[in-house]
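Peer 1: Let me give you the structure first, and then I'll get to my questions.
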Amino acid sequence: MFLAPDGNETEIADAAAQFLSEAMPLARLHEAHSADMSTALRGRLGEMGWFGLALPESAGGSGLSAVEHALFFREAGRRCAPIDLLTQGLAAFVASGELRDSLLRGEQGVALVAKDSARVRLLGSADARFALEVDVSGARLFDIEVFAAQARPSLDPATSMRIADIATALPLAQSEGPEKWRLGQLGIAAMLVGIAETALDLIVEYAKVRETFGRKIGSYQAVRHPCADMALRVEAARCQLWFAAAAIKEAREDAHVHLDAAKHLANQAAVANSDTNIQLHGGIGVTDEHHAHLLLKHGLLLSKLFGSKRALLARLLDARVND
Amino acid sequence: MDLQYSEEDRAFRARARDWLAVNVPTKARPMHGAAAAQFDRDWQRKQYDHGWAGVAWPKAYGGLGLTGLQQVIWYEELARARAPHYINTSYIALMHAGPTLIARGTDEQKSFHLPKILSGESLWCQGFSEPNAGSDLASLKTRGVVDGDAIVVTGGKMWTTDAQYADYQELLIRTDPTSERHKGLTWLICDMKTPGIDIKPIRTMLMDEHVNMVFYDEVRIPLANVVGEVDKGWSTALSTLSFERGLGFIGDQLDLYERVCRAIDLAGKVRLDDGKLAIEDDGIAQKLASLKADALAIRAMTLSHITESDRTGEPGPQGSLMKLMVTGTHKALSETVGDMLGWDFLEFDGDRTAHPWTYDYLWSWVFSISGGTSEIQREITADRLLELPRAR
């Protein structure tokens, strides 16, 4: 029993952090057309093997566990990485043969399908050739052409959004079983934890330098106490994320319950922390040039994917864990 | 990262479960008074006689010398067996005084007190806070004057839980009258039978008298009872408090999940004013489900902290976050149950057994104020974890 990153896990997380902070720094989102993932970046990620992190070696992946998957996406979340990063890897679980290999190499993009009442939203790569739909029972990969999609303006600068009718055509490939949903949910929860952590880092850094009334704002309890509450939300969501990741890795029967709890806590932590971060920054916090709004907008979008508040709480109410 | 218990952990859990299944007291603990204290002594004695006292205490001091994780397993099994609540009159002896003496006591102090603590022979109380020194503990004024081989203590302490039943007290006083703040303090072992001690119970909003004021009128305490050094008691006191922030609330941490599940069961039985079941109300159902997630996170936080501190050998700075999380969740759960119980929640005569949820609700303020208020825990977090500029 050890519930924190350890040994090789830490090495992989460090390598991911180093690569992602160079390849997709948060600051990129202040430039035009910075949503999603460029063709060039997708190619680089594919070349380095990041899309196959949790895919079995027999299928051309690295065969790492849910734990490394969570650590990687936490680092991605810290930089508001596009969800394409996750969708691409999940699609490789569904495809086979040459299609799978080309997805792993990042040659074609994949958008994520999110249900929206009687229609769907397509999220991510505007140049995607495929769209992936994932639910608890399995996942289906479509040619994106089957959706007559129309672009919609996206609140989140990191993600482009389209709206479409539900596909009636058959999928190109499909795969039964819950593992795609679980890795998707874990990945999104990890990204939300990363957002909550970045929000805390930004305000703590600012509170050490910004002065009002002749004192650093970090010396005022009106700032210190909300920061402590942010630290608590991070700690709770992060520890539950570790528990859920290890539970999936070890194929515990109650893994899905720990995962739902992790997603719920991560939803809350990301949105509440990015909210508090804006407020404690004061005026500068609402400006377009600041990072603060990027965290909130991306967090709101991710909080709807792989378990929104209502769905998660409805499942958790009756769920039991084994010990 | 892994959730696997070792062979030793599993064997320990199995032995604990077997023993508790037949040895947990069958009659209910008396709620108050000397009978409750005697019950706690007897239960502690039974654990001691059968080799279960001091799970994580070093073997050299009569403990089992096991890991923090095995201590967690023990508390989990206590909760599963519905054993008497771990916060009882033995609490200060086992969670504060014992660990402090192990870390800072003399050989004589250890050999005299530690066996008595483990066996339930001596109960302890805490003498830190004063009427004008609570959150700001270092402003305490109870004074001690060295006179020959004794320190003569005069002053008053506040919020001393179970002082009426305690044999000894961990007493923090000012021995250097010219000193300020953290300097010039001394940590003393005070025998509660010493002449000159007067105890006045304080009635609380829970309709009980579990806390007291304790007055000292020239109470002579042998110099041999100083733990640490004269005038350097602050560092001893910090050890005491670090134990409380480390494992002090572990029983409540692990118990919360079961209590949330009981509240959900209850919501499937009680009806609201409008006749519908509480569980059919979206607001109540969502709160209860969210509390279940919080309770799972509390267990994950506990396991994360314990397994990390088992490696490093010391509790990390997350103890304050743990206390904020546990006290906050406890209160939110009580409020939610209060919301669904309606008028029944407003019936209370001080009987914890008859009105458990109302009692828990009232107790939530004791929980979030004692052992460092929530505001102080946020300050500690801001200072030590976030390293923000000091407020003071």
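Peer 1: Restricting attention to region B:347-368, which residues are at negative phi and assigned to a loop (DSSP other than H, G, I, E, B)?
Peer 2: B:E347, B:F348, B:D349, B:D351, B:R352, B:T353, B:A354, B:H355 - these are the residues of region B:347-368 that are at negative phi and assigned to a loop (DSSP other than H, G, I, E, B).
Peer 1: Any idea which of (1) within 13 Å of chain B (Cβ to nearest Cβ); (2) within 30 Å of B:R390 (Cα to Cα); (3) out of contact with any Cys (no Cβ under 9 Å at 6 or more places or on another chain) is the one A:A245 doesn't satisfy?
Peer 2: (2)
Peer 1: Next up: Check region B:213-234 and report whether any residue there is modelled with pLDDT of 95 or more, within 14 Å of chain A (Cβ to nearest Cβ) and touching a helix residue (DSSP H, G or I) at 6+ places or on another chain (Cβ under 7 Å).
Peer 2: no
Peer 1: Follow-up. Yes or no: region B:333-345 includes at least one residue that is among the charged types (D, E, K, R) and within 14 Å of another protein chain (Cβ to nearest Cβ).
Peer 2: no
Peer 1: When only residues in region A:16-42 that are more than 18 Å from the chain's Cα centre (by Cα) and of a type in the set (A, V, I, L, M, F, W, C) count, which is farthest from A:E107 (Cα to Cα)?
Peer 2: A:A32
Peer 1: Determine whether region B:279-298 contains at least one residue that is in a loop (DSSP other than H, G, I, E, B), at the interface with chain A (Cβ under 8 Å from one of its Cβ atoms), touching a Gly at 6+ places or on another chain (Cβ under 6 Å) and of a type in the set (A, V, I, L, M, F, W, C).
Peer 2: No: zero hits.
Peer 1: Pairs needed: first member in region B:101-120, closer than 17 Å to B:F243 by Cα; second member anywhere, surrounded by fewer than 16 Cβ atoms within 10 Å (Cβ to Cβ); C-beta distance under 7 Å; at least 6 residues apart or different chains.
Peer 2: Short answer, once both residue conditions are applied: B:I102/B:P58.
Peer 1: Turning to a different aspect of this structure: Within region B:1-15, how many residues are away from every other protein chain (no Cβ under 14 Å) and in contact with a Phe, Trp or Tyr (Cβ under 7 Å, 6 or more places away or on another chain)? Talk me through it step by step, then tell me what you get.
Peer 2: First, pick out the residues of region B:1-15 that are away from every other protein chain (no Cβ under 14 Å): B:11, B:15.
Subset that is in contact with a Phe, Trp or Tyr (Cβ under 7 Å, 6 or more places away or on another chain): none.
The total comes to 0.
Peer 1: For region A:30-43, which positions are part of a helix (DSSP H, G or I) and either surrounded by 15 or more Cβ atoms within 10 Å (Cβ to Cβ) or without any contact (Cβ under 8 Å) to a residue 12 or more places away in the chain (or both)?
Peer 2: Those that are part of a helix (DSSP H, G or I) and either surrounded by 15 or more Cβ atoms within 10 Å (Cβ to Cβ) or without any contact (Cβ under 8 Å) to a residue 12 or more places away in the chain (or both): A:A40, A:L41, A:R42.
Peer 1: Among what's in region B:289-313 and is free of Cβ contacts under 8 Å to residues at least 40 places away in the same chain and of a type in the set (D, E, K, R), pick the residue that is surrounded by the fewest Cβ atoms within 10 Å (Cβ to Cβ).
Peer 2: Applying the filter and picking the extreme gives B:R311.
Peer 1: Right, here's the next one. Quick check: anything in region B:19-26 assigned to a helix (DSSP H, G or I), in contact (Cβ under 8 Å) with a residue 24 or more places away in the chain and of a type outside the set (A, V, I, L, M)?
Peer 2: yes
Peer 1: Just a yes or no: is a residue in region B:54-68 within 14 Å of chain A (Cβ to nearest Cβ) and either in a helix (DSSP H, G or I) or over 24 Å from the mean Cα position of the chain (by Cα) (or both)?
Peer 2: Yes, region B:54-68 has at least one match.
Peer 1: Would you confirm, using the coordinates I've provided, whether B:D255 is modelled with pLDDT under 95, over 22 Å from B:T142 (Cβ atoms) and not assigned by TED's automatic domain parsing to the domain that holds B:A295?
Peer 2: Criteria not met by B:D255.
Peer 1: Can you tell me which residue among B:I279, B:I306 is at pLDDT 95 or above and among the β-branched types (V, I, T)? Break it down stepwise before answering.
Peer 2: On the way: B:I306 fails: at pLDDT 95 or above.
Exactly one residue qualifies, and that residue is B:I279.
Peer 1: While we're looking at this one, here's another question. In region B:59-101, what count of residues is obtained for those that are surrounded by 20 or more Cβ atoms within 10 Å (Cβ to Cβ), of a type in the set (V, I, T) and closer than 26 Å to B:A166 by Cβ?
Peer 2: 3
Peer 1: As an exercise: evaluate A:E289 against (1) within 14 Å of another protein chain (Cβ to nearest Cβ); (2) outside any helix (DSSP H, G or I) and give the number of the one condition it does not meet.
Peer 2: For A:E289, the exception is condition (1).
Peer 1: Which of the numbered conditions does B:G316 fail, given that it passes all the others? Conditions: (1) more than 14 Å from A:C239 (Cβ to Cβ); (2) assigned to a loop (DSSP other than H, G, I, E, B); (3) under 24 Å from the mean Cα position of the chain (by Cα).
Peer 2: (1) is the only condition that B:G316 fails.
Peer 1: Taking the condition touching a residue at least 24 places away in the same chain (Cβ under 8 Å), farther than 30 Å from B:G127 by Cα and of a type outside the set (D, E), does B:L341 pass?
Peer 2: Numbers: touching a residue at least 24 places away in the same chain (Cβ under 8 Å): yes; farther than 30 Å from B:G127 by Cα: yes; of a type outside the set (D, E): yes.
Judged against the criteria, B:L341 is a match.
Peer 1: What's the number of the condition B:W19 fails, among (1) at pLDDT below 95; (2) closer than 17 Å to B:E77 by Cα?
Peer 2: (1)
Peer 1: Within region B:369-384, work out how many residues are more than 14 Å from every other protein chain (Cβ to nearest Cβ) and in a helix (DSSP H, G or I).
Peer 2: 1
Peer 1: Just to be sure I understand, how many residues within region A:206-242 are basic (K, R), more than 20 Å from B:M325 (Cβ to Cβ) and more than 7 Å from chain B (Cβ to nearest Cβ)?
Peer 2: Looking only at that region, the number is 2.
Peer 1: Taking the options A:F147, A:F130, name whichever one is at pLDDT below 95 and surrounded by 17 or more Cβ atoms within 10 Å (Cβ to Cβ).
Peer 2: Among A:F147, A:F130, only A:F147 is at pLDDT below 95 and surrounded by 17 or more Cβ atoms within 10 Å (Cβ to Cβ).
Peer 1: Tally the residues that are of a type outside the set (A, V, I, L, M), over 22 Å from A:M230 (Cα atoms) and in contact with a His (Cβ under 8 Å, 6 or more places away or on another chain), restricting the search to region A:174-212.
Peer 2: Of the residues in region A:174-212, the ones of a type outside the set (A, V, I, L, M) are A:174-182, A:184-185, A:187, A:194, A:197-198, A:201, A:205-206, A:208, A:210-212.
When the remaining residues are screened for being over 22 Å from A:M230 (Cα atoms), the result is A:174-182, A:184-185.
Next, from what is left, pick out any that are in contact with a His (Cβ under 8 Å, 6 or more places away or on another chain): A:178, A:182.
Adding up the residues that qualify gives 2.
Peer 1: Scanning region A:47-61 for residues that are part of a helix (DSSP H, G or I) and more than 17 Å from A:D84 (Cβ to Cβ), which turns out farthest from the chain's Cα centre (by Cα)?
Peer 2: A:S58
Peer 1: Can I ask one more? Considering only region A:257-275, I want to know if a residue exists there that is at the interface with chain B (Cβ under 10 Å from one of its Cβ atoms), over 21 Å from A:F72 (Cα atoms) and surrounded by fewer than 24 Cβ atoms within 10 Å (Cβ to Cβ).
Peer 2: yes
The values are calculated or read from the model by the stated rules, or taken from the named source; none is laboratory data. A quick note: this is a predicted structure, and the numbers were derived from the prediction, not measured. Reconstructed Cβ throughout: ideal geometry from the backbone, glycine too, with neighbour counts over all protein chains shown.
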